Amino acid sequence: MPNPKIAIIISSTRATRFADKPTQWFHTIARQRTDLDFEIVDLRDFPLPFFDEVASNAWAPTQNPVGVRWQQKLAEFDGYVFITAEYNHGPTGVLKNALDYAYPEWNKKPAAFVGYGSVGAARAIEQLRQIAVELQMAPIRTGVHIQGADFFGAWQQGAALEDMAHLQPGVQAMLEELAWWTRALKTAREATAAGA
């Protein structure tokens, strides 16, 4: 039986984004697991316009071809890890827009968060948890927050996230929770589909 697939979604598209560093760092750790398969999904590869459909794709088919391609990509996965910044105490605009462009694709799947910034994107992640619940995702408890001196050291002073051993326990705890919820929800989704 193939492993469940997890998307690592890069949630910033800015030319000067920091997101690539935590994404590669997290992906290197995550792919050491043998029970989950991970793929990086970059929002730069899905240049979605501002949501202007007649309704959510829960109610009407999406007309925008990039939106359809985004939905098809999301449907490949059993769970999601969002690598996110924080803009003015909230998530990035492109991430909120991307979340709005799908609905059934997110349903009944776990969501985990790796945040970076002065407070490790903690406020953005709290908002994302609320959005995830509305999209019928299961946001897991443990998040990873690259904050304060760690963030500024990696962003401005060339420090390597790989050398920050104190971040490892949080990453491992998050991955354990993600694996449990991924298996549980995938089993439940498949049982529901088989009984339909």
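Expressed as a whole percent, the accessible surface of the chain that belongs to carbon and sulfur atoms is 56, based on a 1.4 Å probe. Under 5 Å from the amide H of Phe82 lie the amide H atoms of Ile9, Ala112, Phe113, Val114, each residue being 5 or more positions distant or on a separate chain, with H modelled from the backbone and absent for Pro and chain starts. Highest GNM mean-square fluctuation among Tyr116, Tyr87, Tyr101, for the chain modelled with Cα contacts below 10 Å: Tyr87.
Extension gain, Gln32 to Arg129, is 32.3 nm, computed as 0.36 nm per intervening residue step minus the present C-alpha separation.
If you fit an axis through the alpha-carbon atoms of helix 168-195 and take the longest principal axis of the Cα set of the chain, what angle between them do you get, 0 to 90°, nearest 10? The two axes meet at around 0 degrees. Spatially, the stretch 133-172 and the stretch 49-103 are offset by 23 Å when compared through their Cα centroids. For the pair Ala149 and Met1, the difference between a 0.36 nm per residue extended length and the Cα-Cα distance amounts to 49.0 nm. Counted by Cβ distance under 14 Å from Thr187, the other residues give a net charge of +2, where Lys and Arg count +1 and Asp and Glu count -1. For the chain, the dipole from Cβ point charges (+1 on Lys and Arg, -1 on Asp and Glu) about the Cα centre works out to 120 debye, to the nearest 20. Solvent-accessible surface of the chain, taken per residue with a 1.4 Å probe and all protein chains present: 49 Å².
Using the Cβ of Phe46 as centre and a radius below 11 Å, the other residues enclosed give a net charge of +1, where K and R count +1 and D and E count -1. Bridgeable lysines around Lys108 (alpha carbons under 23 Å apart, same-chain partners fewer than 8 residues away excluded): Lys5, Lys73, Lys96, Lys186.
The values are calculated or read from the model by the stated rules, or taken from the named source; none is laboratory data. Only a predicted model underlies this, so the values are computations on that prediction, with no experimental measurement involved. Because the Cβ atoms are built from the backbone with ideal geometry, glycine has one as well, and the counts that use them run over all protein chains shown. We work out accessible area using only protein heavy atoms, side chains counted, and drop any ligands, DNA or RNA first. Shrake-Rupley method; radii C 1.70, N 1.55, O 1.52, S 1.80 Å.
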